[in-house]
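Enquirer: Dropping a structure here in structure tokens format, bear with me for questions.
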Amino acid sequence: MTEPAKAQSAKTRGTKTPNANARNALELNDLSVAYRVGGRDRAVLRNLSLTIGQGEAYGLVGESGCGKSTAALAVVRYLPRNGSISGGAIALDGQDVMKLDAEALRRARATSVSMVYQDPGKALNPSIRIGRQLTEIFELAGISGKAAEDRAIAMLNRVRISDPPSVMQRYPHQLSGGMQQRVAIAMALANDPTMLILDEPTTGLDATVEAEVLDLIAQLRQELSASILFISHNLAVVSHMCDRVGVLYAGMLVEEGPTEVVFNDPRHPYTVALLRCLPRGGQRKDQGRLDTIPGFLPGIGAVIKGCAFADRCALADERCRTELPPLYELSDERGARLSRCHHHDKAQALPRATPSEVATPPKPVAQPVLRVAGLNKTYASHGHPLRAVKDVSLDLRPGETLGLVGESGSGKTTFARLLLGLVPPDDGGTIELEGKALAPKLENRGDDQVKAMQIVFQNPDSALNRSHSIRHLLSRALKRLAGLSGKALETRLEDLVRSVRLTDRHLAVKPRQLSGGLKQRVAIARAFAGDPRIVVCDEPTSALDVSVQAAILNLLADLQAKEDVSYIFISHDLGVVRYLSDKIAVLYLGRIMELGPSEAVFSGPHHPYTEALLSAVPKLDQTGTTRIRLDGEIPSAVNPPSGCVFHTRCPRKIGPICEQQEPPLAEAQPGHAIRCHIPYDELARLQKASVAELA
Amino acid sequence: MSAVQTTSAPDDTRRRGPLAEVVFSLLRSRTFLVGIAIVLFWVVCAFFGEHFAPYDPLADDIINALSPPSSEHWFGTDQIGRDVFSRVIVGSRDILTVAPLATLLATVAGTALGLLTGYFRGIVDDIVSRILEAFMAIPVVIVALLAIVALGTSKTTVIIVIGLSFAPIIARTVRSAVLAERELDYVAAAQLRHESAFHTMFVEILPNVIPPILVETTVRLGYAIFAVATLSFMGFGIQPPSPDWGLSISSNYGMIGGGFWWTVLFDALAIASLVIGVNLAADGVHGAFND
């Protein structure tokens, strides 16, 4: 695709109302599922009832641990060995799944239901060629030889894979994540299922690839008759893909209705709170804190007397704690909807759990704390040079956040590791911390320099040593980074623990006994132990639920305001980056494509790559939007395209100059630099035009 | 901000620690229980055997030499009339000191080497690993022969020979576990605190590679028992007049041709049962850590 194309609204309105005469594609009736853990049955799904009409796309949302995947597994009776259906009925296309014998169940799984899972790399057999894996499905259906192969190729064509015969010859690892997920979808669609279950199908993918896969699913919906059960924790994705949505909490349906209605006019405090946790509409840290949901999801098997959400709900009264709310019917002209809340009429009056106000002292303009000039990193890949980071120069002032964005493979993490000294850069570049040059290697840096730059890793399970108690982890950091011991260490430890809003009780336990959000707090506390000047945050919230993410983002913003620390914030979630960043650097193949103040980069005019990244993100606020699609994958850094590295995918390529000459990173406005041959004013005109076209 | 998440999730499945989890799963493993019962039986014999053995295992009785099993001598007597039953019972003592000590030596040396090679990688790994591989290529018997020439026959020699022969194998297991651990971010976090290599290896990484080490150790213990018995049989190991099993087989196997099978069979069965017991227990330990 070479021009910004107008993709039609992802939702197919024609199928919006299920045909009342047809049998429903899926009916769950009072479904209860329990897992046997520690010798006791623990309820995971509690009397879940939902109906998916023929051709309908139904979204199931909720935080991790609320039973979304369990519901999907129960539909095909794929529960783990310790799981059992303790009550209720499941009907697939009118057929009672509970009554099927082994053979009939196998047939139902083979012909009428298909599942696509989160990680396509695990769904495909790594040692069998794509072609073999696909034709096998047709062979099971009784088609053999050449006919099966033809069907496989047709299937790959259908999921918009170019050159299917060559893809058929490849092994899964030779395909990118997006291609793998397409193949997984092709396999799921091979036997023309009536019901397609998508369990977080785009969660592990880059925003641009996610957009592609979502488009594909939306297009396939028009071609196929399949109904879809779409499971996701990402509300924006669900709002984009689904006709109706169900919100699951502690294994119970708490709210259900047409997607747009539920997300724009929620009637359950949990839905209200979830939506408030997301940084939306360009919200920034100096404009207010995000709201959070206090407390925790009830553990599996917890005895719930009243409303499951009552403990975390500021609206809850005595009745909520003692009497389980029924699913109130709130149908109006916008469609049938349900809410399991006694106070559904005033759900939106839910008071904030976190006050929004922030006191932002005006920042004095200070000397940059970090200056990077001409930083390069070249790896050797099978004897060829691979330029992971190329000629990066930027600076960062105290108390500022630099957001690093770009697809995976764009060099974000490598750049962070170069700064930290975990990987030595190529000769020539310089990194200056508070005016003093840093040695390229960590072991040659002074203790003061090391403690001044710390990191919060993406995955706390990997970042916190699982053998050590939280007390040990933090004490060690205080001892090494702050040089404390004895009484002074104890006092500082208490302060530190309190500053990340943990309590003394958390000190005695090991990381595995804490939830993901609490673990990330420990990781943040560790990074702050030595009063750092700069903290690198490498996707610190990508593994967390939105409510926990909001709390962590607030914490980072508070700590920054208090300690005047600078962040280098890496994330693929542009909403999150926008919330926290003062400055943005957009990376592509190790090069800075755009660098400037956060607002300038987001509001545009921006580099065509930034434009594409921004438009790929599904947003809650708008549904049918113009989307710019990036074709194909990020090119290999071993053999980057000539001229402008982005020209192979650029929707605004102007001509041969893009292929021949690498544009300079030119300052278009004071402090806002763009690496593009198109002049700034022209970019502004083009991008305004495409917005106008939309409207 | 409010008191977000200051209470931990009510989830009692998490209450049991990882160690308790393993113990719990071991106690439910039939394989482990059978194995450990056999091993414990021999351990009891090693400690208290002489108290319930019917005869003095070293007392000869030439008149009753080579008498077949009877109600008086359950397992018969050997060529100088010693009671085979009593000798089998007491014979576990030496093997149950030498084999565990050798395994311990192998574990300590192997763990240290594995941590070094896995942590430093590169040139250190290349050099040390090649030396270990060369060492593994030499048969234990030849090493034993050389060691006996150099150090003289003693239990210590056997411990050193077997310990050092097994160390490279344990080192290899530990190395591969360390290579995986090293990639985790907590190691990078330690480097960002300027921790010493020693601290990173022994305080940060070591506790996380204990499970594979324990599994490998229990497996090695089975092989060590076998190795001790073999060396004793060949005369390189435990020396007479110990009633050691391997030694007894060695001094009596010439008699089998004459039909005096009982002088050899019961010692052989004892060795077999102990090896099987240890291996069953090892299997259980492996299962408990890998569930």
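Enquirer: From A:R221, A:R276, grab the single residue that is modelled with pLDDT under 90, surrounded by fewer than 24 Cβ atoms within 10 Å (Cβ to Cβ) and either in contact with a strand residue (DSSP E or B) (Cβ under 6 Å, 6 or more places away or on another chain) or within 14 Å of chain B (Cβ to nearest Cβ) (or both). Step through it out loud before you land on a result.
Expert: On the way: A:R221 fails: either in contact with a strand residue (DSSP E or B) (Cβ under 6 Å, 6 or more places away or on another chain) or within 14 Å of chain B (Cβ to nearest Cβ) (or both).
Result of the check over A:R221, A:R276: A:R276.
Enquirer: Moving on to the next point. Which numbered condition trips up A:R471, out of (1) more than 11 Å from every other protein chain (Cβ to nearest Cβ); (2) of a type outside the set (A, V, I, L, M, F, W, C); (3) within 30 Å of A:L297 (Cα to Cα); (4) free of Cβ contacts under 8 Å to residues at least 12 places away in the same chain?
Expert: The failed condition is (4).
Enquirer: If you scan the range A:646-671, which residues turn out to be among the aliphatic types (A, V, I, L, M) and either surrounded by fewer than 17 Cβ atoms within 10 Å (Cβ to Cβ) or within 14 Å of A:Y609 (Cβ to Cβ) (or both)?
Expert: A:I654, A:I657, A:L665, A:A666
Enquirer: Kindly indicate whether any position in the range A:219-234 is more than 22 Å from A:A25 (Cα to Cα), in a helix (DSSP H, G or I) and assigned by TED's automatic domain parsing to the domain that holds A:L28.
Expert: Here is the first cut: in the range A:219-234, the residues more than 22 Å from A:A25 (Cα to Cα) are A:233-234.
Then drop every residue that is not in a helix (DSSP H, G or I), which leaves none.
So far as the range A:219-234 goes, no, none of its residues is more than 22 Å from A:A25 (Cα to Cα), in a helix (DSSP H, G or I) and assigned by TED's automatic domain parsing to the domain that holds A:L28.
Enquirer: Out of A:T208, A:T203, I need the residue that is in a loop (DSSP other than H, G, I, E, B), in contact (Cβ under 8 Å) with a residue 60 or more places away in the chain and not acidic (D, E). Which one? Steps first, answer last, please.
Expert: Numbers: A:T208 fails: in a loop (DSSP other than H, G, I, E, B).
Result of the check over A:T208, A:T203: A:T203.
Enquirer: Which pairs turn up if I take residues in the range B:178-192 that are within 10 Å of chain A (Cβ to nearest Cβ) and within 15 Å of A:S467 (Cα to Cα) and look for partners that are of a type in the set (V, I, T) and assigned to a helix (DSSP H, G or I) with beta carbon separation below 8 Å, at least 6 apart in sequence or on another chain?
Expert: From the range B:178-192, the pairs are B:E181/B:V187; B:E181/B:I205; B:E181/B:V209; B:V187/B:T200; B:V187/B:I205; B:A190/B:T200.
Enquirer: What is the number of the single condition among (1) on the phi > 0 side of the Ramachandran plot; (2) facing chain B (nearest Cβ under 8 Å); (3) at pLDDT 90 or above that A:A477 does not meet?
Expert: (1)
Enquirer: Run down B:A65, B:A106 and say which single residue is touching a strand residue (DSSP E or B) at 6+ places or on another chain (Cβ under 7 Å) and of a type in the set (A, V, I, L, M). It would help to see each step written out before you state the result.
Expert: Working: B:A106 fails: touching a strand residue (DSSP E or B) at 6+ places or on another chain (Cβ under 7 Å).
Result: B:A65 is the single residue among B:A65, B:A106 that is touching a strand residue (DSSP E or B) at 6+ places or on another chain (Cβ under 7 Å) and of a type in the set (A, V, I, L, M).
Enquirer: State whether one or more residues within the range A:27-50 are outside any strand (DSSP E or B), of a type outside the set (K, R) and either in contact with a Leu (Cβ under 9 Å, 6 or more places away or on another chain) or outside the structural domain of A:N234 (by TED's automatic domain parsing) (or both).
Expert: First pass over the range A:27-50, keeping only residues outside any strand (DSSP E or B): A:38-39.
Now restrict to residues that are of a type outside the set (K, R): A:38-39.
So of that shortlist, the ones also either in contact with a Leu (Cβ under 9 Å, 6 or more places away or on another chain) or outside the structural domain of A:N234 (by TED's automatic domain parsing) (or both) come out as none.
No, the range A:27-50 contains no residue that is outside any strand (DSSP E or B), of a type outside the set (K, R) and either in contact with a Leu (Cβ under 9 Å, 6 or more places away or on another chain) or outside the structural domain of A:N234 (by TED's automatic domain parsing) (or both).
Enquirer: Go through the residues of the range A:419-439 one by one and say whether even a single one is within 11 Å of another protein chain (Cβ to nearest Cβ) and basic (K, R).
Expert: No, the range A:419-439 contains no residue that is within 11 Å of another protein chain (Cβ to nearest Cβ) and basic (K, R).
Enquirer: Kindly establish whether A:D291 is at pLDDT below 90 and either touching a Lys or Arg at 6+ places or on another chain (Cβ under 6 Å) or part of a strand (DSSP E or B) (or both).
Expert: On the way: at pLDDT below 90: yes; either touching a Lys or Arg at 6+ places or on another chain (Cβ under 6 Å) or part of a strand (DSSP E or B) (or both): yes.
So A:D291 passes the test.
Listed here are the residues, each with its yes/no results for (1) crowded, with 20+ Cβ neighbours inside 10 Å; (2) of a type in the set (A, V, I, L, M); (3) closer than 13 Å to A:V116 by Cα.
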{"residue": "A:E136", "(1), (2), (3)": "no, no, no"}
{"residue": "A:E139", "(1), (2), (3)": "no, no, no"}
{"residue": "A:V167", "(1), (2), (3)": "yes, yes, no"}
{"residue": "A:P172", "(1), (2), (3)": "yes, no, no"}
{"residue": "A:R182", "(1), (2), (3)": "yes, no, yes"}
{"residue": "A:L198", "(1), (2), (3)": "yes, yes, yes"}
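Enquirer: Could you run through the range A:480-513 and say how many residues are within 22 Å of A:V548 (Cα to Cα), within 7 Å of chain B (Cβ to nearest Cβ) and either among the charged types (D, E, K, R) or in contact (Cβ under 8 Å) with a residue 12 or more places away in the chain (or both)?
Expert: Final tally of qualifying residues: 1.
Enquirer: Does A:D215 satisfy the condition of being farther than 28 Å from A:K412 by Cβ, surrounded by fewer than 21 Cβ atoms within 10 Å (Cβ to Cβ) and touching a residue at least 24 places away in the same chain (Cβ under 8 Å)?
Expert: Values: farther than 28 Å from A:K412 by Cβ: no; surrounded by fewer than 21 Cβ atoms within 10 Å (Cβ to Cβ): yes; touching a residue at least 24 places away in the same chain (Cβ under 8 Å): yes.
It is false that A:D215 is farther than 28 Å from A:K412 by Cβ, surrounded by fewer than 21 Cβ atoms within 10 Å (Cβ to Cβ) and touching a residue at least 24 places away in the same chain (Cβ under 8 Å).
Condition check ((1) over 22 Å from B:A224 (Cβ atoms); (2) away from chain A (no Cβ under 14 Å); (3) in contact with a helix residue (DSSP H, G or I) (Cβ under 8 Å, 6 or more places away or on another chain); (4) modelled with pLDDT of 80 or more) across all residues:
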position: B:P18; (1), (2), (3), (4): yes, no, yes, no
position: B:T31; (1), (2), (3), (4): no, yes, yes, yes
position: B:V44; (1), (2), (3), (4): no, yes, no, yes
position: B:H51; (1), (2), (3), (4): yes, yes, no, yes
position: B:D78; (1), (2), (3), (4): yes, yes, yes, yes
position: B:A99; (1), (2), (3), (4): no, yes, yes, yes
position: B:A109; (1), (2), (3), (4): no, yes, yes, yes
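Enquirer: Kindly establish whether B:V140 is closer than 30 Å to A:K479 by Cα, surrounded by 17 or more Cβ atoms within 10 Å (Cβ to Cβ) and more than 14 Å from chain A (Cβ to nearest Cβ).
Expert: Working: closer than 30 Å to A:K479 by Cα: no; surrounded by 17 or more Cβ atoms within 10 Å (Cβ to Cβ): yes; more than 14 Å from chain A (Cβ to nearest Cβ): yes.
When the stated conditions are applied, B:V140 does not pass them.
Enquirer: Considering each residue of the range A:180-199, count those that are touching a strand residue (DSSP E or B) at 6+ places or on another chain (Cβ under 6 Å) and part of a loop (DSSP other than H, G, I, E, B), and give that number. Don't jump to the end; show me each part of the working.
Expert: Of the range A:180-199, the ones touching a strand residue (DSSP E or B) at 6+ places or on another chain (Cβ under 6 Å) are A:184-185, A:188, A:193, A:195-199.
Pick out the ones that are also part of a loop (DSSP other than H, G, I, E, B) and you get A:193.
Total satisfying the criteria: 1.
Enquirer: Shifting gears a bit: Yes or no: the range B:120-127 includes at least one residue that is more than 14 Å from chain A (Cβ to nearest Cβ), among the small types (G, A, S) and crowded, with 22+ Cβ neighbours inside 10 Å. Before you say what the answer is, go through the steps one by one.
Expert: Step one: filter the range B:120-127 for residues more than 14 Å from chain A (Cβ to nearest Cβ), giving B:121-127.
Applying the additional criterion that residues be among the small types (G, A, S) yields B:122.
Next cut, crowded, with 22+ Cβ neighbours inside 10 Å only: none.
Within the range B:120-127, none of the residues are more than 14 Å from chain A (Cβ to nearest Cβ), among the small types (G, A, S) and crowded, with 22+ Cβ neighbours inside 10 Å.
Enquirer: Can I ask one more? Does any residue of the range A:517-527 turn out to be more than 8 Å from every other protein chain (Cβ to nearest Cβ), free of Cβ contacts under 8 Å to residues at least 60 places away in the same chain, surrounded by fewer than 23 Cβ atoms within 10 Å (Cβ to Cβ) and not small (G, A, S)?
Expert: yes
Enquirer: Hey, does the range A:34-54 have a residue that's buried (at least 18 other Cβ atoms within 10 Å of the Cβ) and under 26 Å from A:V183 (Cβ atoms)?
Expert: There is at least one residue in the range A:34-54 that is buried (at least 18 other Cβ atoms within 10 Å of the Cβ) and under 26 Å from A:V183 (Cβ atoms).
Enquirer: If you don't mind, another one. Out of the range A:279-294, which residues are within 14 Å of another protein chain (Cβ to nearest Cβ) and surrounded by fewer than 20 Cβ atoms within 10 Å (Cβ to Cβ)?
Expert: A:G288
Enquirer: Can I ask one more? Pick from the range A:641-659 the residues that are of a type in the set (A, V, I, L, M) and part of a loop (DSSP other than H, G, I, E, B): which of them is nearest to A:D631 (Cα to Cα)? Write out each step before concluding.
Expert: Of all residues in the range A:641-659, those of a type in the set (A, V, I, L, M) come to A:645, A:654, A:657.
Checking which are part of a loop (DSSP other than H, G, I, E, B) leaves us with A:645, A:654.
Details: A:V645: 14, A:I654: 17 Å.
Only one residue tops the list, namely A:V645.
Residues are listed down the side, and each one gets a yes or a no for (1) at pLDDT 85 or above; (2) among the charged types (D, E, K, R); (3) in a helix (DSSP H, G or I); (4) surrounded by fewer than 22 Cβ atoms within 10 Å (Cβ to Cβ):
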residue	(1), (2), (3), (4)
A:E594	yes, yes, no, no
A:V601	yes, no, yes, no
A:H606	yes, no, no, no
A:L614	yes, no, yes, yes
A:G624	no, no, no, yes
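Enquirer: Let me ask you something else. Check the range A:397-408 and report whether any residue there is within 14 Å of chain B (Cβ to nearest Cβ) and acidic (D, E).
Expert: Keep residues of the range A:397-408 that are within 14 Å of chain B (Cβ to nearest Cβ), which gives none.
Within the range A:397-408 (the criterion being within 14 Å of chain B (Cβ to nearest Cβ) and acidic (D, E)), the answer is no, since none of the residues qualifies.
Enquirer: Considering only the range B:80-129, how many residues are more than 26 Å from the chain's Cα centre (by Cα) and under 14 Å from B:P243 (Cβ atoms)?
Expert: 4
The values are calculated or read from the model by the stated rules, or taken from the named source; none is laboratory data. Keep in mind that this is a model prediction, so the values were computed, not measured. Note that we place each Cβ from the backbone using ideal geometry, even for glycine, and neighbour counts take in every protein chain shown.
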